[in-house]
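Worksheet: the structure to be examined is printed underneath.
The values are calculated or read from the model by the stated rules, or taken from the named source; none is laboratory data. Being a predicted model, the structure only gives us computed values, none of them experimental. With ideal geometry, Cβ positions are generated from the backbone for all residues, glycine too; neighbour counts draw on all protein chains shown. Just so you know, the surface numbers come from the protein's heavy atoms only, side chains and all, with ligands and any DNA or RNA stripped out. Shrake-Rupley method; radii C 1.70, N 1.55, O 1.52, S 1.80 Å.
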Amino acid sequence: MSLVLFWNMSVISVQGQDTMRAVPSADSVQEQTGGIDLVGQIGGAPANVVIQGDYAYLAVGSRVVVVDVSTPTQSTFVGQTDALPNSVSALAIKNNHAYATAGDTLYVFSVEVKIAHHQVVLTRQGSYQEPSGYSATDVVVQGNYAYVTFATGGTLLLKHGLLDV
């Protein structure tokens, strides 16, 4: 069995400074936040994994990462989403759609497998956001419905929770 390792690493540039550290293979991401620009992101803490067919979908930091596991001793990276505004906390896969919770939002992605290029393309199709103060904690897809739980107060100090369908 092969082991896929991910780590936290962000590449940032502080406005007004002449130096910037960069990772050559980092995807370019721009997010303006109080004088700091995020210019790349690699990895993060794996939070969830879902297997469908020959592919493992992993919640890694602020992305959904796809790994081909058809040959378990040689798993291969084949795709990922763009960086989301928050870390991905839960995943569900149904047919050719991926559902990911991040922050207070459920994101829906279409999944296109390009066999000739050995690539999986995840394209954002839509999202559902709960009112401020709630965090999406889990998602399950059954039939034509996505069931999403939202909570306030953090994981251990749950104050109020919602189930949205």
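Residues in region 63-76 that are touching a residue at least 40 places away in the same chain (Cβ under 8 Å) and not small (Gly, Ala, Ser): VAL64, VAL65, VAL66, VAL67, ASP68, PRO72, THR73, GLN74, THR76.
Among residues of region 84-105 that are open to solvent by 30 Å² or more (accessible area, probe 1.4 Å), those with a Cβ under 9 angstrom from a residue that is in a strand (DSSP E or B) and among the acidic types (Asp, Glu), sequence gap 6+ or separate chain, pair up as SER89/ASP138; ASN96/GLU112.
Residues in region 106-130 that are open to solvent by 90 Å² or more (accessible area, probe 1.4 Å) and either farther than 13 Å from PHE77 by Cα or β-branched (Val, Ile, Thr) (or both): GLU112, ILE115, ALA116, ARG124, GLN125, TYR128, GLN129. Here the strands (runs of 3 or more DSSP E) wholly within region 88-137 that include at least 2 residues being in contact with a Lys or Arg (Cβ under 9 Å, 6 or more places away or on another chain) and of a type in the set (A, V, I, L, M, F, W, C) are 105-114, 119-129. Per this entry, SER70 is not counted among residues that are at pLDDT 90 or above, hydroxyl-bearing (Ser, Thr, Tyr) and part of a strand (DSSP E or B).
Of the residues making up region 47-105, those that are closer than 20 Å to ALA116 by Cα and of a type in the set (D, E, K, R) are ASP54, ASP68.
Sort out which residues of region 134-165 are modelled with pLDDT of 80 or more and open to solvent by 30 Å² or more (accessible area, probe 1.4 Å), and write them in order of number. Reasoning before the result, please.
Here is the first cut: in region 134-165, the ones modelled with pLDDT of 80 or more are 134-152, 165.
Hits for region 134-165 are TYR134, SER135, THR137, ASP138, VAL140, GLN142, GLY143, ASN144, TYR145, TYR147, THR149, VAL165.
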